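Sharing a structure, written as structure tokens. Questions coming.
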Amino acid sequence: MTSQATRLARVLVYYGFQVNPFCDKQKILCPFHGDENPSLLVDFTTGTWFCFGCNLSGDAFHFVELMEKQFHNTSGMKFAKIYKEAVNGKSRSLIKVDAKTVGVDDAYFSQLYDEAHDYYYCLGKTDWVHDDSDDISELREYMRSRGFMPSTLNTVRAKASYNRNYRLLFPMMDDGEFKGWVSRTTDKELAKKRKYLYNKGFRRRTTLVGNYSDYKFVYVVEGYMDWLKFRQFGLKNVVAILGWKMSKEQIAKLKDAGVANVVSALDNDKYGIQGTDYLHKFFKVKRFKFCKGVKDPGEMTKVQFKESIDKTLRSSNGHSGKH
Ligand SMILES: [Zn+2]
């Protein structure tokens with residue numbers, strides 16, 4: 001471990017996190033966004049950390065700063081003193097970090113929400129069908145190469161953001177209500193590391209992207225692009241859960257809206273199957289019949305979609321085989 005990494009390890013220990021000294025990288029529950037599955041990645045080779053849930057990142061000092069601001073109202077120059085204590089191996093015994101119960105500071109989140117809202121709504125509208133500027137053309141071609149039509153981008157009011165690396169910006173609407181935005185990189189190298197960026201403070205578990213009220217059943221998909229593809233194919237009753245396992249909150253939303261039946265079009269892989277099994281506990285479930293070799297709705301062609309939909313609607317209810 002470099003000294004920077006040692007400092008980060010000590011800071012984590014200081015706040016009561018379990019640190020595994022044998023790993024170069026480790027995921028911990030993020031204390032900053034009400035994390036449920038560990039999504040804060042600690043890199044002990046560089047001494048830095050990054051959260052895939054809320055996008056916060058930094059080094060040991062920044063971690064202390066955020067912890068103190070969020071949980072202890074520490075102000076002024078006291079961070080430095082606390083940081084020093086932490087890297088000297090003390091422990092802050094008064095603090096018990098439990099990301100599941102601590103960390104939802106309503107004022108903080110509502111401020112982040114406002115920022116995300118303003119950012120999206122203040123950006124100029126993009127006309128994906130008619131705008132022929134180089135910039136838009138490039139993004140349009142990228143999306144076209146993935147099978148997305150410019151008119152679909154207009155329908156969901158996608159925009160071009162100011163972020164050079166994550167140019168494509170989509171609003172996440174939960175039954176008509178803006179919940180935040182997600183942006184996608186078109187850069188291949190960057191996509192290997194991180195395809196999507198959500199706005200700061202965005203909470204996945206309390207969001208269902210799509211429309212579900214007033215529908216007898218909904219299609220459930222994992223990602224935003226899966227949702228977008230189904231929308232393009234004309235389905236309106238589609239929700240994206242932004243992961244493979246539906247959260248308690250998302251389940252409650254569907255239930256409250258009176259949705260009792262779902263078609264699981266979660267990815268055609270082992271996580272999608274696990275996620276589907278989980279849905280069986282709460283809903284009457286049909287599994288979407290993927291064509292051979294198709295991994296998810298996002299990569300589906302229209303022909304594949306039609307074939308799949310036909311098979312799905314003709315299939316009987318219930319488990320497709322015993323898992
Ligand atoms: Zn986080």
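Looking only at region 141-195, how many residues end up being within 19 Å of Leu235 (Cβ to Cβ) and aromatic (Phe, Trp, Tyr)?
2
Further question on the same structure: Among residues belonging to region 43-60 that are within 12 Å of the ligand (Cβ to nearest atom) and part of a strand (DSSP E or B), point out the one that is nearest to Lys245 (Cα to Cα).
Among residues in region 43-60 that are within 12 Å of the ligand (Cβ to nearest atom) and part of a strand (DSSP E or B), the one nearest to Lys245 (Cα to Cα) is Cys51.
State yes or no: is Leu190 farther than 21 Å from Thr312 by Cα and surrounded by 24 or more Cβ atoms within 10 Å (Cβ to Cβ)?
Criteria not met by Leu190.
From the set of residues in region 19-42 that are among the hydrophobic types (A, V, I, L, M, F, W, C) and under 20 Å from Leu242 (Cα atoms), which is nearest to the ligand (Cβ to nearest atom)?
Checking each candidate, the answer is Cys30.
Quick test for you: out of Lys284, Lys255, Lys311, Lys306, pick the one residue that is closer than 19 Å to Phe148 by Cα and open to solvent by 60 Å² or more (accessible area, probe 1.4 Å).
Result: Lys306 is the single residue among Lys284, Lys255, Lys311, Lys306 that is closer than 19 Å to Phe148 by Cα and open to solvent by 60 Å² or more (accessible area, probe 1.4 Å).
Scan Gly176, Gly201, Gly124 and give me the residue that is touching a His at 6+ places or on another chain (Cβ under 8 Å) and open to solvent by 10 Å² or more (accessible area, probe 1.4 Å).
Gly201
When residues of region 37-64 are filtered for being touching a helix residue (DSSP H, G or I) at 6+ places or on another chain (Cβ under 6 Å) and open to solvent by 50 Å² or more (accessible area, probe 1.4 Å), how many remain?
So the count comes out to 1.
Here is a follow-up. Give, as residue ranges, the strands (runs of 3 or more DSSP E) completely inside region 155-231 that count at least 1 residues that are within 24 Å of Phe32 (Cα to Cα), touching a residue at least 12 places away in the same chain (Cβ under 8 Å) and among the acidic types (Asp, Glu).
It comes to 168-174.
Which one of these is within 16 Å of the ligand (Cβ to nearest atom) and more than 24 Å from the chain's Cα centre (by Cα): Tyr15, Tyr83?
Answer to the check: Tyr15.
The values are calculated or read from the model by the stated rules, or taken from the named source; none is laboratory data. In this text the structure is predicted, and so the values were computed from the model without any measurement. Cβ coordinates were reconstructed from backbone atoms using ideal geometry, including for glycine residues, and neighbour counts include every protein chain displayed. In case anyone asks, the SASA skips ligands and DNA or RNA and just uses the protein heavy atoms, side chains included. Shrake-Rupley method; radii C 1.70, N 1.55, O 1.52, S 1.80 Å.
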